[in-house]
Amino acid sequence: MLAGGAGTRLSPLTSYVPKGMIPIGGKPFIDYVVSYLSKHGIKNIMMLLSDADSEVFRNHLDDGSKFGMNIGYSITPRMGTASALKEASAHVDGTFVIYYGDVLTDLDLSEMIRYHKAKGGVCTLALSTGVKIDYGVGRVDLAGRIVYFAEKPILPEYPVSIGVYVCEPGFLPYLSAGADLAADVLPQVIAKGERVYGFLTKERHYDIGSFKQLDEAKDILKPEKGRKKQPAVG
């Protein structure tokens, strides 16, 4: 699990507590993520952490036994996602899940893993058809006339990556392509003709990368009483 980011958009909050340890609904955000993975049969987690804040995670999660899981740690100076994965690659001995630790989703991970194995590819990305674009978008014809405009639309023909991948060991050699998994590695894997698949879901995701997104996640994780009604997706 990738959880070593600095969380700069949440400063100064993250000067005191790592992003994944921010309390929501009475417990750290990371607890919801670990429980979600456990529900889908994941019993072994390798936490990819920076040496700047690893102690806070380790003191809380320990060896994972309180969650009924086995939790290990790969601790490095803060680096990009691909570089962190490369450092931890010796622990991989079969199909593995890459999960961004600041993300919460109702994605059916069990079904995604089955889909990945049935396809026989090197990597499968979870792609949501239910995420609103943060901006107004338009289409302009050759004369410069706007022929389509929508404010913050959902564009199912352009599904959004939600930070969950299922991969095979054959994916690991590509981690040398650059520091960032999404920006550097995935384009290289696809350009090389490897079999990379997309698992489509209508479920959106909530991350805690900014104060706006953190507030959304807090509302989702509230007890039913007092929770805002969420708009229908799809």
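The values are calculated or read from the model by the stated rules, or taken from the named source; none is laboratory data. All figures in this text were calculated on a predicted structure; none of them were measured in a lab. Positions of Cβ are backbone-derived with ideal geometry, glycine not excepted, and every protein chain shown enters the neighbour counts. Note: areas computed on protein heavy atoms with side chains; ligands, DNA, RNA excluded. Shrake-Rupley method; radii C 1.70, N 1.55, O 1.52, S 1.80 Å.
Some points to look at:
- Failed criterion for THR201 (all others in (1) closer than 30 Å to PRO23 by Cβ; (2) more than 17 Å from the chain's Cα centre (by Cα) hold): (2)
- Single residue of segment 125-144 satisfying the filter (within 19 Å of the chain's Cα centre (by Cα) and assigned to a strand (DSSP E or B)) that is modelled with the lowest pLDDT: LYS132
- Complete set of residues in segment 204-215 that are over 13 Å from the mean Cα position of the chain (by Cα) and either among the β-branched types (Val, Ile, Thr) or open to solvent by less than 30 Å² (accessible area, probe 1.4 Å) (or both): SER210, LEU214
- Filter result (part of a helix (DSSP H, G or I), aliphatic (A, V, I, L, M) and within 21 Å of LYS117 (Cβ to Cβ)) within segment 154-180: LEU172
- Residue that is modelled with the highest pLDDT [pool: residues in segment 3-20 that are open to solvent by less than 20 Å² (accessible area, probe 1.4 Å) and of a type in the set (A, V, I, L, M, F, W, C)]: ALA3
- Within segment 57-68, one or more residues are within 18 Å of the chain's Cα centre (by Cα) and either at pLDDT below 95 or hydrophobic (A, V, I, L, M, F, W, C) (or both).
- Residue match in segment 24-41 (condition: touching a residue at least 12 places away in the same chain (Cβ under 8 Å), open to solvent by less than 10 Å² (accessible area, probe 1.4 Å) and in contact with a Ser or Thr (Cβ under 8 Å, 6 or more places away or on another chain)): no
- In segment 152-173, the count of residues that are over 15 Å from the mean Cα position of the chain (by Cα), over 19 Å from MET1 (Cα atoms) and of a type in the set (D, E, K, R) is one or more.
- In segment 49-68, the residues that are open to solvent by 10 Å² or more (accessible area, probe 1.4 Å) and among the hydrophobic types (A, V, I, L, M, F, W, C): ALA52, VAL56, PHE67
- Residue in segment 82-103 that is open to solvent by less than 20 Å² (accessible area, probe 1.4 Å), free of Cβ contacts under 8 Å to residues at least 40 places away in the same chain and either within 30 Å of TYR197 (Cα to Cα) or β-branched (Val, Ile, Thr) (or both) present: no
- For segment 95-135, the tally of residues that are out of contact with any strand residue (DSSP E or B) (no Cβ under 7 Å at 6 or more places or on another chain), farther than 17 Å from HIS40 by Cα and of a type outside the set (Phe, Trp, Tyr) stands at 4.
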